[in-house]
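> Here's a structure for you.
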Amino acid sequence: MSYRQIIRSCSASLSSRTLARPSTHATLSRSGISNLRRGYSETKSPEVEGQKTDEPIPEGEKVEKEEQALSPEAEKLKAKEAEVVDLTGRLRYLQADFLNLQRNAAREKEQTRDFAITRFASDLLETVDVLSMALKSVPASALAETSSESPASEIEAAPKSALAYLQELHTGIEMTQRQLLQTLFKYHVKPFDPTGDKFDPNRHEALYQAPVPGKEPGTVLDCQKSGYMIKDRVLRAAQVGVVQDTS
């Protein structure tokens, strides 16, 4: 081996040793740093622990804490809101009751005004019936004979005949009946004749039944006394005869 080769081998060995030494120092330095960090973390001061407690609280926990802090006021507010709802409902019910009371009072007042003469009108109907009977008692033929007399007899100074007096009496009774009916019309009292109508027990009073061929059973055959209505209410039922069912 030559001298140069010996020098090269020595220099290579030296360089490999020098490169290996720093790696051991690096490993030592790294392990020491990690040990220092462990010791620092184990021996940390209470101030650092206090700083950790001062970290920001999540929003959900804040809301819960605020609700817990305001729970008495919130309960009072809810109670007041429930009371307001209850009072509002009562007020609406009272308003509805008051409106119904006003309507009922107005209806009763109108009915009292319209039907105040019910009893008085019922008593007058008897007078109307008597006048009607008086008019029916005079046959139409008698009145025709009186009207057919010659005017020459009227010119003479001779006294009036009985037929003339009868005609004048008939005319006076007819005028009285007409005036009385007109007075009743002013107070919505109107007569009705149900002859030929279907029998209605609410408006008709059956006096008799008779079989009549060719007429439908249950219809009004004859009206003995006219019925009267005061507005939409029956003042007096009509007294009628009804067709009898022969089946």
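> Report the gain in length on full extension from L143 to F120: 0.36 nm times residue separation, minus Cα-Cα distance, nm rounded to one decimal.
Between L143 and F120, full extension yields 4.9 nm more.
> If we count other beta carbons within 10 Å of each Cβ, what is the order of V240, V189, V130, fewest first?
V130, V189, V240
Every number in this text was worked out from the coordinates using simple rules, so none of it is lab data. On a predicted model such as this, the values are computed, not experimentally measured, just so you know. Because the Cβ atoms are built from the backbone with ideal geometry, glycine has one as well, and the counts that use them run over all protein chains shown.
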